[in-house]
Amino acid sequence: MTPAIDNAATAGRRLAATVTGRTPAPSGSYVDRSRVTPSSNESYDVERERALWDYLEAVRLHEVNL
């Protein structure tokens, strides 16, 4: 393991703490381990998100070959 990766037990505890509110985070927050942090710059790119949504809808409707 590297310092950037938690083992399954630790990741589960941290996830549970976030879900149950023991790790304070507003709804929709990006939580990295036990702290709220901004997500990647790409996640704020509306055009990129729309393109991804459109592609996934096409896959769902079987309009795209994988």
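Annotations
- Positions within the range 40-66 being surrounded by 11 or more Cβ atoms within 10 Å (Cβ to Cβ) and of a type in the set (Gly, Ala, Ser), in sequence order: Ala51, Ala58
- Residues of the range 1-38 that are part of a loop (DSSP other than H, G, I, E, B) and surrounded by 11 or more Cβ atoms within 10 Å (Cβ to Cβ): Asp6, Arg22, Thr23, Pro24, Ala25, Ser29, Tyr30, Arg33, Ser34.
Taken together, the values in this text are just the output of simple stated rules run on the coordinates, not laboratory data. Predicted, not measured: the structure shown is a model, and the values here were computed from it. Using ideal geometry, Cβ is built from the backbone for each residue, glycine included, and neighbour counts are taken over all protein chains shown.
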